[in-house]
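Reviewing the structure listed below.
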Amino acid sequence: MSAFYRVEGDRIVCQLCRHYCKLKEGQVGVCGVNENEGGKLKNLVYGKVSAINIDPIEKKPLYHFLPSSKSLSIGTVGCNFKCPFCQNWQISQSKDVDSGYLVTPKQLVDLALEYGCESISYTYNEPTIFYPFAKDVALLAKERGLKNVFVSNGFETPEIIEDMVGVIDAFNIDIKGFKSEYYKKYLKGDLEAVLDTIRLFNKKGFWVECTTLIVPGDNDSEDEIRDIAKFIASVSRDIPWHLSAFHPDYKVKDKGATPISTMKRAYEIAKEEGLKYVYLGNILVEANTYCPHCGELLVERLGFDVLQNNLKDGHCPKCNTKIAGVWK
């Protein structure tokens, strides 16, 4: 039986994400890209890449995973969430499954190696919905010495998480707020499912970093930011948390950009709750990594550029504290 779906009577149940869409013959799931064809799950965007770039790994954002390396980044159309502030809505909310470039896993892996990338990132839209394709790319990438990264909303099923062991190396997971009703009403997702996914990823030994886009009026209260910080700390204080500033986009153009003061207060709250590694994004402030034990500067960054990396085999050069991450 495929990890991608199971059969229930005259329907199949898609197991790629926690919507668990029950599909009749010819029916497509919430994501718009997975269909019941002949009693099997057909991924309609298999090999159809709508976005492709060479990015610094810091752009994912991943700050504790192969710093200053390059990552071949790909995405398709479609998504299993409906975030009104999506910054990649042109592809994530598109249902045009026949758009994009036709590519094979081998072509993508060859391209990554040609450009000196150390990983392939599945990103831009929700990669879980094109996991059948991503898995084939990732397995070949592993054979050729590359690592694999998912930038995700965290709606993977336990079945798929189990399937990802040994295939995907690192995740950046969005925590878009900490109110169940907000997830349900505005994002068409489920907060508890996302939190469970993060716990499972950590338990299975994947490298995990989290990101929260701070949207004024939606999730920027001190209480909500503190609740997210407490949750991350309850899983592991070693999980880096990226606090990202909002800018108006897609359907949310009536709000201003997140104030710097809000971002800095969010940073303070995260540190108060014991998180060791907290970073601010989408604003021009330092995003350096410091030793949580002695305060030594370990990795200096400006934007997505690493100016210096002082780590010694993943340890602080001053006090020899082991720094959580994947450094080689």
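The values are calculated or read from the model by the stated rules, or taken from the named source; none is laboratory data. As the structure is a prediction and not an experimental result, all values here were calculated from the model. Here Cβ is always computed from backbone atoms with ideal geometry, including for glycine, and neighbour counts include all displayed protein chains. These accessible areas exclude ligands, DNA and RNA; they are computed on the full protein's heavy atoms, side chains included. Shrake-Rupley method; radii C 1.70, N 1.55, O 1.52, S 1.80 Å.
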(message) If Lys95 meets every condition in (1) in contact with a Gly (Cβ under 7 Å, 6 or more places away or on another chain); (2) assigned to a loop (DSSP other than H, G, I, E, B); (3) open to solvent by less than 10 Å² (accessible area, probe 1.4 Å) apart from one, which number is that one?
(response) (3)
(request) Would you mind telling me which numbered condition in (1) open to solvent by less than 60 Å² (accessible area, probe 1.4 Å); (2) more than 27 Å from Phe206 (Cβ to Cβ); (3) touching a Lys or Arg at 6+ places or on another chain (Cβ under 7 Å) His315 fails? (result) (2)
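Being among the basic types (Lys, Arg) and closer than 21 Å to Pro158 by Cα is the filter; apply it to segment 19-47 and report the residue that is least open to solvent (accessible area, probe 1.4 Å).
Checked segment 19-47; the qualifying residue least open to solvent (accessible area, probe 1.4 Å) is Lys42.
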(message) Restricting to segment 48-62, and then to whatever is assigned to a loop (DSSP other than H, G, I, E, B) and open to solvent by 10 Å² or more (accessible area, probe 1.4 Å), can you tell me which residue is nearest to Val109 (Cα to Cα)?
(response) Ser50
(request) Return the residue satisfying two criteria in turn: it lies in segment 214-234 and is of a type in the set (D, E, K, R) and in a loop (DSSP other than H, G, I, E, B), and of such residues it is nearest to Tyr267 (Cα to Cα). (result) Asp220
(request) Can you give me the number of residues within segment 235-258 that are in a strand (DSSP E or B) and among the charged types (D, E, K, R)? (result) 1
(request) Please name all residue pairs, on different chains or six or more residues apart, with Cβ atoms under 7 Å, provided the first residue is in segment 277-297 and is closer than 14 Å to Lys59 by Cα and the second residue is among the hydrophobic types (A, V, I, L, M, F, W, C) and open to solvent by 50 Å² or more (accessible area, probe 1.4 Å). (result) Ile283/Ile260
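A quick yes/no check of all residues on (1) open to solvent by less than 30 Å² (accessible area, probe 1.4 Å); (2) of a type outside the set (A, V, I, L, M, F, W, C); (3) farther than 24 Å from Val149 by Cβ:
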| position | (1), (2), (3) |
| --- | --- |
| Ile239 | yes, no, no |
| Pro248 | no, yes, yes |
| Lys255 | no, yes, yes |
| Thr258 | yes, yes, yes |
| Arg265 | no, yes, yes |
| Asn288 | yes, yes, no |
| Glu300 | no, yes, no |
| Val326 | no, no, no |
